[in-house]
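Inspection log for the structure reproduced underneath, given as structure tokens.
The values are calculated or read from the model by the stated rules, or taken from the named source; none is laboratory data. Small disclaimer: the values here were computed from a predicted structure and weren't measured. Cβ placement follows ideal geometry from the backbone for every residue including glycine, while neighbour counts extend to all protein chains displayed. Keep in mind that these areas ignore ligands, DNA and RNA; they rest on the heavy atoms of the full protein, side chains included. Shrake-Rupley method; radii C 1.70, N 1.55, O 1.52, S 1.80 Å.
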Amino acid sequence: MSVTTRISQDRLKQYFETFTKRFLQDGSPEAVDIEVLEPELGDQYAAQGARLIGITYDPRISALELEVDSGDHRVYAPEAVWALEEADGFISALEVVAPDGTREVVSIKRVGLRRME
């Protein structure tokens, strides 16, 4: 069963550090789609099927960063961050609301084990 939770500003750093260590640094790749929902420009993808390396939040500059193999994607001063968590704590989706009202929807998929050669 999945649960949707709003992550408070004071928990963002620790929340995403814990998720990254637990699920993204285990040698098993996860894929991410980042969709930007901009009222004036419409829906656009910032990334599709990219390998997710980590998610961090830097409180000094108030930036949420998605580290993907094709480059980093940042949202500065997010007003709200919502996470859809699976029963084991894996985040399968994020919604990030930027100060200008733009919404970013991040879909995270478990891809499977990486072969070690």
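Could you tell me the largest-minus-smallest coordinate of the C-alpha atoms of the chain on each of the three principal axes, in descending order and whole angstroms?
Taking the Cα atoms of the chain, the three principal extents are 46, 31, 30 Å.
I'd like the accessible area for THR18, computed on protein heavy atoms only with a 1.4 Å probe and all protein chains in place. Round to 10 Å², please.
Number for this one is 70 Å².
What residues from segment 51-71 fall in the zone where the backbone N is under 20 Å from a label point 7 Å along the Cα-to-C-beta line of GLN14?
55-65
Defining a contact as two alpha carbons under 8 Å apart and six or more residues distant in sequence, what relative contact order in percent does the chain show?
Dividing the mean separation by the residue count of the chain yields 30 percent.
Under a GNM of the chain (C-alpha, springs under 10 Å), which listed residue has the highest mean-square fluctuation: SER70, SER92, SER107?
In this elastic network of the chain, the residue with the biggest mean-square fluctuation among SER70, SER92, SER107 is SER70.
Give me the distance between the Cα centres of segment 33-74 and segment 1-31, rounded to whole Å.
Result: 14 Å between the Cα centres.
Quick one: if the Förster radius is 41 Å, what FRET efficiency do ASP88 and GLU40 give, using the C-beta to C-beta distance and rounding to 0.05?
For R0 = 41 Å, the calculated efficiency reads 0.60.
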